[in-house]
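The block underneath contains the structure these notes are about, expressed in C-alpha cells.
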Amino acid sequence: MGAAADFAARVRNREQVLGYWVVLNAPPATERIAGAGYDYVVLDAQHGLLGYTGLLHGLLAVDAAAATATAPHRPVGIVRVESGEPATIGHALDAGAGGVIVPLVSSPAEAAAVVAATRYPPAGVRSFGPMRSGLRIGPEPATSNDSVVVLAMIETAAGLAEVDAIAATPGLDGLYIGPNDLRLALGAPTPDDPAYDDALAEALAAVRGACDAAGIAAGIFTPSGEVAAQRLREGFTFVTVALDLVHLEQTVRAHLDVARGALGP
Ligand code: 3PY
Ligand code: MG
C-alpha cells in the first residue's frame, strides 16, 4: 500500500496518529520536521505564511522525508485549506496533499459539500487535473477517492451545536477541533482565557463523543507535546503538535536565556 492509502486506513481504523503543524515557507525545515517521526505534517494554507508555491514545496519536502522513512511513520502531507470551496480543496489535492482539514464547518450540508469536493464524479464534484497527486493517491480516480483523508473542523458555535449530525456525514473521516476559535465561539474574550477551560473541556468531550458514535477519527490541534499527550490520553486519535514558528522562537529564547546566565557583570 502507498503511504497515503496506508495513512488513510490508519485514520479510518481510529489508530492514534501524531502530526506536526507548519506555517513557515521553509521547505528544508519542513523536510527535517517531517523526518522526525510524525505520521503526518499539516501545511496551513488558512493562517500559514506559505502561499501556493510554499504549499507545493512543503508537500515536496514532506515527500522527500517520507522517501527515507520507514513504515508506519512515513509522513503524509495534509493541507489545512483556506475554506471549503471546491476549487480550494481541489488545488490542495492537485498539489499532492494526502488529505485536507477544512476550517469552520458549521452544518451537515457544509460537511457533505466538503466531502464531495474531495471526490471525483460520480462520488463527488472534484475536477480532474491531479498534477502531483496522481503520484500517490491515484492515479485512478476511484483509488484517489478511496485514499484521500478529509476532516471537518469544529470551531464555531453552530458546528458544535450540530456536531452529531456533522460527524454522521458519509465519507467524512474525522472531526478536528480548532481550540482557539472554539474557545472564542464559547464566548471567551481571548483564545486562551482560562476562565473558559471547563466550557472548552465540555465541548471537547462532546466532539469526541460524536466521533466515537460515528466511528470516525477524533482530531485536535495542540500547542505542545505535553498537551498532545494529554489529548491522546483523553481518547483523541488524530493529534497535531504545533507549530514551527512558535517552537522556533521558544527554542531561540531558551538558548539565549542559558547563554545570558554566563554573561559577566
Ligand atoms: C484553531 O485553534 O482555531 C485552529 O484553527 C488551529 O490553528
Ligand atoms: Mg481555527
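Using 0.36 nm per residue, how much length does the chain from Ala29 to Ala168 gain when fully extended, once their Cα-Cα distance is taken away? Could the numbers behind the result be given before it?
Values: separation 139, 0.36 × 139 = 50.04 nm, distance 3.75 nm.
Full-extension gain reported as 46.3 nm.
Between Asn13 and Asp197, 0.36 nm times their residue separation minus their Cα-Cα distance comes to what? If you can, show how the numbers build up before the last one.
Working: separation 184, 0.36 × 184 = 66.24 nm, distance 3.00 nm.
Contour length minus the Cα-Cα distance gives 63.2 nm.
Can you work out the PRE-style zone for Ala158? Point 7 Å along Cα to Cβ, and I want the residues of region 81-122 with backbone N under 16 Å.
Under cut-off, by backbone N: 83-85, 103-114.
Percent of Cα-Cα pairs more than 33 Å apart in the chain, please.
Details: 5988 of 34980 pairs.
Here the tail beyond 33 Å accounts for 17 percent of pairs.
With unit charges on the beta carbons (Lys and Arg positive, Asp and Glu negative) and the dipole taken about the Cα centre of the chain, which residue among Leu56, Leu256, Ala218 sits farthest to the positive side?
The listed residue farthest towards the positive side: Leu56.
Among the DSSP beta bridges whose two residues both lie in region 128-265, what percent are antiparallel, rounded to the nearest 5? Walk me through the numbers before you get to the answer.
Working: 0 of 12 bridges.
Bridges in region 128-265 are about 0 percent antiparallel.
For a quick check: with amide H placed at 1.01 Å from N, whose amide H comes under 5 Å from Gly77's, ignoring anything fewer than 5 positions away on the same chain?
Val41, Gly98
Tabulate in residue order the Karplus-calculated ³J(HN,Hα) for region 175-182, using 6.51 cos²θ - 1.76 cosθ + 1.60 with θ = phi - 60°, rounded to whole Hz; enter x for Gly and Pro.
Listing the rounded values in order: 9, 9, 8, x, x, 5, 5, 5 Hz.
Values quoted throughout were computed directly from the atomic coordinates according to the rules given, and no laboratory measurement underlies them. Remember, it's a predicted structure, so these values are computed and weren't measured experimentally. All Cβ positions, glycine included, derive from the backbone under ideal geometry; neighbour counts span all protein chains shown.
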